[in-house]
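A.B. asks: First, the structure itself, so that you have it in front of you.
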Amino acid sequence: MKTAKRLRVVVAGAVAVPVVLAGSGVATADVASAGTAASATTLAQVRSSIGADTGAAATLTGKGVGVALIDTGVASVPGLPAAQIVNGPDLSFESQAANLRYLDSYGHGTHMAGIIVGNDTASGSKGIAPDVKLTSVKIGTATGAVDVSQMIAAIDWVIQHRFDDPAAPIRVLNLSYGSGGATQSWTDPLQFAVQKAWKAGIVVVAAAGNNGNAAGALTNPAMDDSILSVGATATNGTATTADDTLATFTNLAIGTAGQVDLLAPGTSIASLRDPGSNVDNLYPDARVGTTLFKGSGTSQATAVVSAAAALLLQAKPAATPDQIKDWLVKGGSALPLGTAKTLGLSALNVNGALARTGTTPAPYTGSLSTGSGSLQGSRGTASLTLDGVRLTGERTIWGSFQTSLWAKSTTPSWSGGLWLGYRLAGDDWTGTSWASKTWAAGTWTAAPWAGSATTGWSDPAWSGRTWSGRTWSAGTWSGRTWSSDGWSGGTWS
């Protein structure tokens, strides 16, 4: 008889997460200082705030552009058109339970997808780039539990499969995840992974994190100067940026190195609700009508910028990532108030970016990572714990990992469903799900870091929940063996 494995995340004896969702409180109840529920910022208001509903920008929808979303999966909810959703491999622990595979049991990925490509006829809510082809690569569970090695494997997969859909190749990578690790930037493996994506022609958009303006550093990989890092603004209920302020939860770095590149709306954003998901159950007051949910975080701001990047790529399909970043940052609107003004930070302005598309930016000349550094350094102080054994050191959740060999290799890291020789998924686009196209599933054959090969990865904590229609039939996630329902790196807003 198999013993149920208990997966948890710990740091210094307390519950935490090894890779913190940058929008830690994303799909949660937003509470104003007076103690009353903050009013929602609709996506129509977001579109107006970033100038995407006027001028040349108003004609753009993201058609012909693919955006990859590495997150907690995407649920089949009203407002997400199946024809525009692609399920890449599920690399999360829940991939080993057929009834959870690809689906968003947490609620975060669905919220991000709604901002980018949603089209909810019930509420009239429409994403910033509604004609994008969105590829979901699931890495997080119902509590967000995930290791940095899963994040790296997912980035590798996106790079290798970016041209699988010639009609909408993946040109943008949305990372609303961030690691608490902060190794040397010139050797960090996670930064090496995103730099590989950037060099492959993919605009990498990463969330700054939600630890507050006094954090002193952005989350990893947003701290990497070579990619596009995003912080959040509070729109204060208006369509103009004249009264916008830097959201107090946004991470800021000390000095200019590794600082936020661009700001976008990220406070009380109403996007698609994932009924019965973890945060939907925890924060019912955040529901807006029956199909929407409001939340705050640099995650939301990142999704807005990823969608804006897709709009620019539709207009200028030959543009490089360096050009897209330069146009977005330098075409932004300067904010006249507070910390944003002091630091010279700009807010996203799509028409401003389009107006700069005739310019040629100077190439990035800063230092790049060799990728040969410590995986544990990228992981940081928090780590997954399975049956009381922590995942630490130079190993993935599936086995050992030599960063120097991975970084130097000229051979693709993925072969079918094998990543570095480990079986993580099936071998091709032959899976089935609600989405238009799905990568096949695979049974993990490597032994867990705690336990033996005979116990494998079968776990009642993953297989005991079922998806019934559009609602989690169990109703709540708090009664199983998951030991965390919050995030150490941010505050529920």
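A.B. asks: Taking the criterion of being under 17 Å from the mean Cα position of the chain (by Cα), at pLDDT below 95 and under 22 Å from W398 (Cα atoms), would at least one residue in region 168-178 satisfy it?
C.D. replies: Yes - at least one qualifying residue is present in region 168-178.
A.B. asks: Which one of these is touching a Ser or Thr at 6+ places or on another chain (Cβ under 9 Å), within 20 Å of Q191 (Cα to Cα) and in contact (Cβ under 8 Å) with a residue 24 or more places away in the chain: S378, S346, S333, S413?
C.D. replies: It is S378.
A.B. asks: A further question on this structure: Which ones in region 159-181 are closer than 15 Å to V86 by Cα and not in a strand (DSSP E or B)?
C.D. replies: Once the filter is applied, which keeps residues that are closer than 15 Å to V86 by Cα and not in a strand (DSSP E or B), region 159-181 yields H161, R162, F163, D164, D165, P166, A167, A168, P169.
A.B. asks: Mind telling me which of the residues M151, M112 ends up being among the hydrophobic types (A, V, I, L, M, F, W, C), in contact (Cβ under 8 Å) with a residue 12 or more places away in the chain and under 30 Å from E394 (Cα atoms)?
C.D. replies: M151
A.B. asks: Could you please find all residues in region 416-431 being among the hydroxyl-bearing types (S, T, Y) and assigned to a loop (DSSP other than H, G, I, E, B)?
C.D. replies: Selection gives T430 alone.
A.B. asks: Additional query: Scan region 83-96 for residues that are touching a helix residue (DSSP H, G or I) at 6+ places or on another chain (Cβ under 7 Å) and either over 20 Å from T396 (Cβ atoms) or surrounded by fewer than 22 Cβ atoms within 10 Å (Cβ to Cβ) (or both) and report the count.
C.D. replies: 2
A.B. asks: Same structure, new question: In region 192-219, how many are of a type in the set (S, T, N, Q) and over 15 Å from the mean Cα position of the chain (by Cα)?
C.D. replies: 3
A.B. asks: Please count how many residues of region 432-448 are more than 24 Å from the chain's Cα centre (by Cα) and small (G, A, S).
C.D. replies: So the count comes out to 2.
A.B. asks: Taking region 220-248, which residues are over 20 Å from the mean Cα position of the chain (by Cα), β-branched (V, I, T) and modelled with pLDDT of 90 or more?
C.D. replies: If the condition is that a residue be over 20 Å from the mean Cα position of the chain (by Cα), β-branched (V, I, T) and modelled with pLDDT of 90 or more, then T245, T248 are the ones that fit.
A.B. asks: What are the residues in region 109-136 that are of a type in the set (V, I, T) and not in a loop (DSSP other than H, G, I, E, B), if any?
C.D. replies: Passing the criteria: T110, I115, I116, V117, T135.
A.B. asks: Let me ask another. State all residues of region 45-82 that are in contact with a helix residue (DSSP H, G or I) (Cβ under 7 Å, 6 or more places away or on another chain), part of a helix (DSSP H, G or I) and buried (at least 20 other Cβ atoms within 10 Å of the Cβ); if no residue qualifies, say none.
C.D. replies: If the condition is that a residue be in contact with a helix residue (DSSP H, G or I) (Cβ under 7 Å, 6 or more places away or on another chain), part of a helix (DSSP H, G or I) and buried (at least 20 other Cβ atoms within 10 Å of the Cβ), then V46, A57 are the ones that fit.
A.B. asks: In the set A68, A34, A40, A82, which member is at pLDDT below 95 and under 30 Å from V146 (Cα atoms)?
C.D. replies: A40
A.B. asks: For region 344-355, name all the residues that are crowded, with 18+ Cβ neighbours inside 10 Å and not polar (S, T, N, Q).
C.D. replies: Matches in region 344-355: L345, A347, L348, V350, G352, A353, L354.
A.B. asks: Being aliphatic (A, V, I, L, M) and surrounded by fewer than 24 Cβ atoms within 10 Å (Cβ to Cβ) is the requirement here; does V288 meet it?
C.D. replies: Taking the combined requirement at face value, the residue satisfies it.
A.B. asks: In addition: Under 20 Å from A68 (Cβ atoms) and either part of a helix (DSSP H, G or I) or among the basic types (K, R) (or both): which single residue out of A319, A307 fits that description?
C.D. replies: After ruling out the rest, the residue left standing is A307.
A.B. asks: Identify all residues within region 192-218 that are in contact with a helix residue (DSSP H, G or I) (Cβ under 8 Å, 6 or more places away or on another chain) and either over 21 Å from H111 (Cα atoms) or among the aromatic types (F, W, Y) (or both); write none if there are none.
C.D. replies: Answer for region 192-218, where residues must be in contact with a helix residue (DSSP H, G or I) (Cβ under 8 Å, 6 or more places away or on another chain) and either over 21 Å from H111 (Cα atoms) or among the aromatic types (F, W, Y) (or both): F192, A193, V194, K196, A197, W198, A200, G201, I202, N213.
A.B. asks: For residues in region 119-161 being of a type in the set (S, T, N, Q) and closer than 24 Å to G417 by Cα, which is nearest to the chain's Cα centre (by Cα)?
C.D. replies: Only one residue tops the list, namely S136.
The values are calculated or read from the model by the stated rules, or taken from the named source; none is laboratory data. Source: prediction; values computed, not measured. Here Cβ is always computed from backbone atoms with ideal geometry, including for glycine, and neighbour counts include all displayed protein chains.
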